[in-house]
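Okay, so here's the structure we're looking at.
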Amino acid sequence: MEHIQIAIDGPSGAGKSSVSKAAARELGIIYVDTGALYRTIGYYAREQGIAVDNAIAVVPYLDRIHIEVRYENGVQCVYLNGENLGDRIRQNEISMYASAVSSIPEVRAFLLDTQKKIAAENSVIMDGRDIGTVILPDAQVKVFLTASNEARARRRYIELQEKGMPLPYEEILADMNRRDEADRTRAIAPAIPAPDAVILDNSDLNFEETVAALLSIVRRIAAEKGISLS
């Protein structure tokens, strides 16, 4: 079967990871969470005492960082220097670090080969901020998954509550607005839709409806391009 590359871009809180995971399971292909890779670098920076507004200070440490992506029971696990960080990289503070380090050219170059290698060897759904524009510019399917700021902040608020890491909604919304602006305006690989991406706004869709809409887009484009998904 011809490998298919599905690039899912969009802002934080749009549900890229959970939706992409579900779609990957349905299609029987690999899900790649690129945000987890940047979160891992951000986590390392924080552990070294580097301030988020001085994230570039992580560059001299890159040669000490070994990141390994493993798939355990179909789930992507990211190991930092031999340790599976699990949900530690999902803390709200690490989101800001991830945004900061992702604007550093040296960090992006450090992770680029890892991402491309996985996609070259497997059929994948890969999500992030610049998958369709930079990482996989030749992906057969490109989708920009988005939602209103308020909808995304509400989802993040509920997610953090369920994980036992509650934060005030207003703080989450403010952090999301700041991160969106940083991601959109960064000089390196800004978080904008690829010219040929399909825009999927799920502000008024629940999880199941969003997955169904994504699968419909993927299957339609695959059929148009003569790509078998079975």
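Just so it is clear, none of the values below were taken in a lab; they were calculated from the coordinates. Owing to the predicted nature of the structure, the values given are computational and were not obtained by experimental measurement. A quick note on method: Cβ atoms are made from the backbone with ideal geometry, for glycine too, and the neighbour counts reach across all protein chains shown.
By the rule of a C-alpha distance below 17 Å, with chain neighbours fewer than 8 residues away ignored, the lysines paired with LYS21 are LYS142. 3J(HN,Hα) along region 65-73: 9, 10, 10, 10, 9, 10, 10, 10, 6 Hz, from the Karplus curve 6.51 cos²θ - 1.76 cosθ + 1.60 with θ = phi - 60°, whole Hz, x for Gly and Pro. Against the main long axis of the alpha-carbon atoms of the chain, helix 207-224 sits at an angle near 50°.
In a reduced charge model with +1 at each Lys and Arg Cβ and -1 at each Asp and Glu Cβ, region 5-224 shows a dipole moment near 160 debye about its Cα centre. Where does helix 92-101 land angle-wise versus the long Cα axis of the chain, in degrees 0 to 90, nearest 10? The two axes meet at around 80 degrees. The aspartates and glutamates within cross-link reach of LYS116, meaning a Cα-to-Cα straight distance under 18 Å and a gap of 8 or more places when in the same chain, are GLU2, ASP9, ASP33, GLU68, GLU106, ASP127, ASP130, ASP138. Our summary gives the chain a relative contact order of 33 percent, counting only alpha carbon pairs under 8 angstrom and 6 or more residues apart. In sequence order, region 25-35 has phi-based couplings of 4, 5, 8, x, 10, 7, 9, 10, 8, 6, x Hz under the Karplus curve 6.51 cos²θ - 1.76 cosθ + 1.60, θ = phi - 60°, and Gly or Pro positions carry x.
The angle between the Cα long axis of helix 105-121 and the longest principal axis of the Cα atoms of the chain comes to about 30 degrees, rounded to the nearest 10.
Within the chain, DSSP assigns beta bridges of which about 30% are antiparallel (rounded to the nearest 5).
Think of region 5-224 as a dipole: +1 on every Lys or Arg Cβ, -1 on every Asp or Glu Cβ, centred on the Cα centre; then among ASN122, SER216, PRO11, ASN122 lies furthest on the positive end. Which of rounded, prolate, oblate describes region 39-197, given a ≥ b ≥ c as roots of the alpha-carbon gyration tensor eigenvalues and a/c under 1.5 marking rounded, otherwise prolate only if a/b is larger than b/c? Here region 39-197 falls in the rounded category.
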